[in-house]
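Q: Got a structure here, written out as structure tokens. Questions coming.
The values are calculated or read from the model by the stated rules, or taken from the named source; none is laboratory data. Predicted model, so just to flag it, every value in this text is computed and none were measured. Cβ placement follows ideal geometry from the backbone for every residue including glycine, while neighbour counts extend to all protein chains displayed. These accessible areas exclude ligands, DNA and RNA; they are computed on the full protein's heavy atoms, side chains included. Shrake-Rupley method; radii C 1.70, N 1.55, O 1.52, S 1.80 Å.
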Protein chains: 2
Amino acid sequence: MLTRIDHIAIAVQNIGDALKFFEDALGVQLDHTALEEGGRTQVAFMPVGQSEVELVEPQDSESGLAKFIAKRGEGIHHICFEVDDIEAALARLKDKGAQLIDETPRTNTKGMRYAFIHPKSAHGVLIELYQKPK
Amino acid sequence: MLTRIDHIAIAVQNIGDALKFFEDALGVQLDHTALEEGGRTQVAFMPVGQSEVELVEPQDSESGLAKFIAKRGEGIHHICFEVDDIEAALARLKDKGAQLIDETPRTNTKGMRYAFIHPKSAHGVLIELYQKPK
């Protein structure tokens, strides 16, 4: 059902500063950066094996991501798993009583479907599910 | 240099409870559980693609893991990357001014070498490096 870790998102205050560690010191290769979520988040995409590390930087102080950093500091924000069938995965979670942030999948600008599970149900972990491209 | 995400460790208070979510609801398959770190940590190993999710449960209240949960609650504890050459990776990190928890690699009971980078240098993320088996 879960085919791979798609990405791990790390909340940072400034991608340029964070790259000094993740790229220059740790040696993760930067593929590209892009503005996501209607311009509210800058993302640095850094492939590692079959997964990616994503550095995510809020572009305004009102977003959930900005509030996460204000409250908890920089650190891992969420983990995303690729699934074969996102509807089946969400139905199973709901059936088992898990609290979902998205009861039905959202669709991003590239047409990919994804949904978040509430960390209250997931032992403190914000989990994203991502529909494997057909 | 970083070849893959080896594992993501999630700190939980009770593996049995956590498996109700991660295995029964989310659908990650449990491979096996084992006592690690001289009996101080119970670990549930759950493969996902070329990586693993590891649920880690402290066995006493004095360990760093137990204190992490007491302070921050359950959640992602660390992320581990496999590297081709752990000595080269640590030398590069040190050269770039990163703060290391382990200046030289530790060796586990299976003879595998690993080292931790301090989250102060890594934008709030506790990072483990793991030497790829030759």
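Q: Counting only Cα atoms, I'd like the Rg/Rh figure for the protein assembly as shown, Kirkwood definition for Rh.
A: 0.94
Q: At 1.4 Å probe size, with no ligands or nucleic acids counted, give the accessible surface of A:MET112 in Å², nearest ten.
A: Counting only protein heavy atoms, A:MET112 exposes about 40 Å² to solvent.
Q: Mind checking the angle between helix A:86-95 and chain A's longest principal axis? C-alpha axes, 0 to 90 degrees, to the nearest 10.
A: Relative to chain A, helix A:86-95 is tipped by roughly 70 degrees.
Q: With no solvent and one equal point scatterer per Cα, compute the Debye intensity ratio I(q)/I(0) for chain A at 0.13, 0.20, 0.22 Å⁻¹ and report its log10, rounded to two decimals.
A: Here log10 of I(q) over I(0) equals -0.57, -1.29, -1.45.
Q: Moving on to the next point. In whole Å, how far is the Cα centre of the stretch B:77-134 from that of the stretch A:26-98?
A: Here the answer is 23 Å between Cα centres.
Q: Farthest toward the dipole's positive end in chain B, which of B:LEU129, B:ALA98, B:LEU65, given Cβ charges of +1 (Lys, Arg) and -1 (Asp, Glu) about the Cα centre?
A: B:ALA98
Q: For a protection proxy built on the mean count of beta-carbon atoms within 10 angstrom, sort B:63-71, B:19-27 highest first, please.
A: B:19-27, B:63-71
Q: Something else about it: Looking at the stretch B:14-55, what % of the alpha carbon pairs are farther apart than 17 Å?
A: Everything past 17 Å amounts to 27 percent.
Q: Accessible area per residue for the protein assembly as shown in Å², computed with a 1.4 Å probe and the full protein assembly in place, what is it?
A: Per-residue accessible area for the protein assembly as shown comes out at 47 Å².
Q: Let me ask something else about it. How many nanometers, to one decimal and shortest first, lie between the label point of A:LYS132 and those of its other copies, if labels sit 7 Å from Cα toward Cβ?
A: Nearest first, the other copies' label points are 2.4 nm away.
Q: Then there's this: Leaving out ligands, DNA and RNA, what percent of the accessible area of the protein assembly as shown is carbon and sulfur, probe 1.4 Å?
A: Percent of accessible area from carbon and sulfur atoms in the protein assembly as shown: 46.
Q: First obtain the Kirkwood hydrodynamic radius of the stretch B:45-107 from its Cα pairs, then insert it into the Stokes-Einstein equation at 4 °C and 1.567 mPa s, and state the resulting D in µm² per second as a whole number.
A: Once the numbers are plugged in, D ends up at 90 µm²/s.
Q: For B:GLY75, what residues show an amide H to amide H distance below 5 Å, using hydrogens built from the backbone and excluding near sequence neighbours?
A: For B:GLY75, whose amide H was placed from the backbone, the distant partners under 5 Å are B:ALA11.
Q: Also: How much of the DSSP bridge set in the stretch B:2-131 is antiparallel, in percent, rounded to the nearest 5?
A: Of the beta bridges lying entirely in the stretch B:2-131, close to 75 percent run antiparallel.
Q: Would you mind listing the distances between the A:GLN50 label point and the same position in each other copy? Use 7 Å along Cα-to-C-beta, nm, one decimal, shortest first.
A: Nearest to farthest, the other copies are at 0.8 nm.
Q: Next question, about the same structure. List the accessible area buried at the contact between A and B, summed over both sides and calculated with a 1.4 Å probe, in Å² to the nearest 100.
A: Summed over both sides, the interface buries about 3400 Å².
Q: Same structure, new question: Counting only other residues whose beta carbon sits under 15 Å from that of A:LYS71, what net charge do I get with K and R as +1, D and E as -1?
A: Once positives and negatives cancel, what remains is +2.
Q: Given A:LYS132/B:LYS20; A:LYS96/B:LYS132; B:LYS20/B:LYS132, which pairs have Cα atoms separated by over 30 Å?
A: Correct reply: A:LYS96/B:LYS132; B:LYS20/B:LYS132.
Q: List, shortest first and in nm to one decimal, how far the label point of B:GLY73 (7 Å from Cα along Cα→Cβ) is from its counterparts in the other copies.
A: Reported distances to equivalent positions: 1.7 nm.
Q: Continuing with the same structure: In the stretch A:6-39, what residues drop by 30 Å² or more of accessible area when the other protein chains are put back, versus the chain on its own? Use 1.4 Å, and skip ligands and nucleic acids.
A: Residues meeting the cut-off: A:ILE8, A:PHE21, A:PHE22, A:ASP24, A:ALA25, A:LEU26, A:GLY27.
Q: Buried by at least 40 Å² relative to the chain on its own: which residues of the stretch A:99-134 qualify, computing accessible area with a 1.4 Å probe on protein heavy atoms?
A: A:HIS123, A:VAL125
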